[in-house]
Amino acid sequence: MPGMVDTHIHASQYSYSGTSMDLPLLQWLVIYTFPMEARFKDLDFANRVYTLVVKRTLKNGTTTACYFATIHTDASLLLGQIANDFGQRALVGKVCMDKNSAVKHYKETSHESQEETCRFIAELLNKKYPLVKPVVTPRFALSCTGALLGQLGAIAKNNNLHIQSHISENVEEVKLVMETFPESKSYTDVYYKCNLLTNKTVMAHGCHLTDEELALFRETGASLSHCPNSNISLCSGMLNVRNALNHKVKVGLGTDVAGGYSASMLDAVRSALETSKVLTIQDPDQKTLTFEEVFRLATLGGSQALALDDQIGNFEIGKDFDAIRVNVAAPDGPIDLIQSGGPKYNLEKFLNCGDDRNIVEVFVAGRRVVPFPEHQQ
Ligand code: GUN
Ligand code: ZN
């Protein structure tokens with residue numbers, strides 16, 4: 001099957017994934033996330049965590065990942081190098097934040113954030129990695145001054161770059177954004193005014209967007225990364241994917257490690273199905289997403305969300321070969337294939353019951369990257 005596209009994952013937060021999910025977003029950021037991200041000033045620590053997250057995601061069939069790193073330029077460049085070394089296709093973002101960090105050594109001035117973003121972009125592009133590209137990464141509207149948001153919008157525009165951030169994840173966050181940016185009509189409007197909504201923008205979450213805001217997404221070509229594990233784990237909300245798709249907004253899936261506890265896109269597939277079913281339980285008129293639809297979100301949908309669908313997402317002639325070879329009945333694997341029911345049956349079985357033991361080989365741009373070569377095991 002086509003390789004899976006993780007449209008939103010914090011590589012740095014892999015260090016504490018599976019723990020610390022007992023606080024709502026804004027407290028979670030201050031108590032757990034910022035202190036942990038501050039440790040990535042240490043390049044040895046960054047090297048250890050980033051190697052582990054690239055290997056873990058590749059083994060689990062993520063052929064393309066859209067990563068948040070931290071504010072540290074050199075560690076973010078290292079993440080790009082590691083993705084390139086292992087052959088993963090990646091967008092890598094040095095995080096920008098010039099306010100509200102509350103953690104002593106984890107903040108930048110507006111000037112530093114802008115200068116370091118430019119250095120990050122220049123140095124990463126200069127490496128000429130064929131599959132790894134920079135993405136302009138304002139953390140979210142509450143971590144950035146309006147001035148910085150505007151500067152980052154200009155940098156992305158002048159260099160024709162991808163943009164990633166977070167939007168409308170949690171109700172308290174939306175309320176604070178509206179208080180902080182009273183001149184804006186909506187959370188979406190804050191980013192729109194700063195030229196941060198383009199057809200190369202991916203915004204994570206979007207649980208609480210209005211239909212009017214979805215219309216602005218459609219108009220600008222910006223996409224949503226649906227991160228259902230995180231949305232439930234941090235009690236943030238639930239994105240109505242069907243409604244976003246009905247508004248012709250591009251949607252991909254994200255693990256959002258470590259708001260989400262799993263780095264596996266198979267988990268994101270299951271969580272997306274579960275969230276959709278909860279929405280149907282709440283309102284039986286809401287048509288549940290099918291497993292085929294969620295499979296599409298994990299592959300072609302993700303490639304569209306990252307504006308890479310001219311290169312990846314399915315096996316159309318002319319695209320790169322990003323693929324995983326699945327053995328549904330892998331020996332010592334998690335699945336007992338008691339009856340055989342054809343490709344569709346096998347796909348459903350794998351998506352719901354499979355794990356990395358079923359993923360026998362992974363290919364990115366035609367090159368086999370899993371199993372890892374001996375020197376990288
Ligand atoms: N909003 C701003 N920063 C973050 C983050 O690191 N994780 C999540 N889930 N939401 C955010
Ligand atoms: Zn996130």
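Points worth noting:
- For Val278: the one exception among (1) within 16 Å of ligand 1 (Cβ to nearest atom); (2) assigned to a helix (DSSP H, G or I): (1)
- Pair list, Cβ under 9 Å, 6 or more apart: segment 22-43 residue over 18 Å from Asp256 (Cα atoms) and modelled with pLDDT under 95, other residue more than 9 Å from ligand 1 (Cβ to nearest atom) and part of a helix (DSSP H, G or I): none
- When segment 1-54 is filtered for residues that are closer than 11 Å to Ala69 by Cα, among the hydroxyl-bearing types (Ser, Thr, Tyr) and open to solvent by less than 40 Å² (accessible area, probe 1.4 Å), the ones remaining, listed by number, are Ser12, Tyr50.
- Matching residues in segment 153-172 - criterion: being more than 19 Å from the chain's Cα centre (by Cα) and in contact (Cβ under 8 Å) with a residue 24 or more places away in the chain: Gly153, Ala154, Ile155, Lys157, Asn159, Asn160, Val171, Glu172
- Subset of segment 55-76 [of a type outside the set (S, T, N, Q), open to solvent by less than 10 Å² (accessible area, probe 1.4 Å) and within 21 Å of Cys96 (Cβ to Cβ)]: Ala65, Cys66, Tyr67, Phe68, Ala69, Ala75
- Considered as a group, the residues in segment 1-41 that are in a strand (DSSP E or B), among the β-branched types (Val, Ile, Thr) and touching a Leu at 6+ places or on another chain (Cβ under 9 Å) include one that is farthest from ligand 2 (Cβ to nearest atom), and that residue is Val5.
For every residue, the table says whether it meets (1) closer than 25 Å to Gly93 by Cα; (2) of a type in the set (A, V, I, L, M); (3) within 13 Å of ligand 2 (Cβ to nearest atom).
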| residue | (1), (2), (3) |
| --- | --- |
| Val174 | yes, yes, no |
| Pro182 | no, no, no |
| Lys185 | no, no, no |
| Thr201 | yes, no, no |
| Cys207 | yes, no, yes |
| Arg218 | yes, no, no |
| Leu224 | yes, yes, yes |
| Asn240 | no, no, no |
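- Val369 touching a residue at least 24 places away in the same chain (Cβ under 8 Å), within 30 Å of Asn160 (Cα to Cα), β-branched (Val, Ile, Thr) and surrounded by 14 or more Cβ atoms within 10 Å (Cβ to Cβ): yes
- Listed by first and then second residue, the pairs linking a residue in segment 80-105 that is in contact (Cβ under 8 Å) with a residue 60 or more places away in the chain and of a type in the set (Asp, Glu) to a residue that is surrounded by fewer than 18 Cβ atoms within 10 Å (Cβ to Cβ) and outside any loop (DSSP other than H, G, I, E, B), with Cβ atoms under 9 Å apart and 6 or more places separating them unless they lie on different chains, are Asp85/Thr51; Asp85/Gln376.
- Check on Gly313, on the phi > 0 side of the Ramachandran plot and either buried (at least 21 other Cβ atoms within 10 Å of the Cβ) or basic (Lys, Arg) (or both): yes
- Residue-level check: of (1) open to solvent by 50 Å² or more (accessible area, probe 1.4 Å); (2) more than 13 Å from ligand 1 (Cβ to nearest atom), Leu176 misses just (2).
- Matching residues, segment 120-146, being over 21 Å from Ser225 (Cα atoms) and free of Cβ contacts under 8 Å to residues at least 40 places away in the same chain: Ala122, Leu125, Asn126, Lys128
- Look at (1) of a type in the set (A, V, I, L, M, F, W, C); (2) in a loop (DSSP other than H, G, I, E, B); (3) within 12 Å of ligand 1 (Cβ to nearest atom) and you find that Met238 fails only one, number (3).
- Residue within segment 295-304 that is without any contact (Cβ under 8 Å) to a residue 24 or more places away in the chain, more than 16 Å from ligand 1 (Cβ to nearest atom) and either surrounded by fewer than 17 Cβ atoms within 10 Å (Cβ to Cβ) or not in a loop (DSSP other than H, G, I, E, B) (or both) present: yes
- Of all residues in segment 120-147, those satisfying the criterion of being aliphatic (A, V, I, L, M) and either more than 16 Å from ligand 1 (Cβ to nearest atom) or crowded, with 24+ Cβ neighbours inside 10 Å (or both) are Ile121, Ala122, Leu124, Leu125, Leu131, Val132, Val135, Val136, Ala141, Ala147.
- One residue alone among Leu77, Leu58, Leu125, Leu91 is farther than 25 Å from Gly153 by Cβ and in contact with a strand residue (DSSP E or B) (Cβ under 9 Å, 6 or more places away or on another chain), and that residue is Leu58.
- Verdict on Ser262 being part of a loop (DSSP other than H, G, I, E, B) and free of Cβ contacts under 8 Å to residues at least 24 places away in the same chain: no
- Segment 276-294 - residue that is among the polar types (S, T, N, Q) and open to solvent by 50 Å² or more (accessible area, probe 1.4 Å) and, of those, nearest to Asp6 (Cα to Cα): Thr290
- Residue among Lys107, Lys94 that is farther than 18 Å from Ala263 by Cβ and at pLDDT below 95: Lys107
The values are calculated or read from the model by the stated rules, or taken from the named source; none is laboratory data. The model shown is predicted, which means the values in this text are computed figures rather than measured ones. For neighbour counting, all protein chains shown are included, and Cβ atoms are generated from backbone atoms with ideal geometry for every residue, glycine included. We work out accessible area using only protein heavy atoms, side chains counted, and drop any ligands, DNA or RNA first. Shrake-Rupley method; radii C 1.70, N 1.55, O 1.52, S 1.80 Å.
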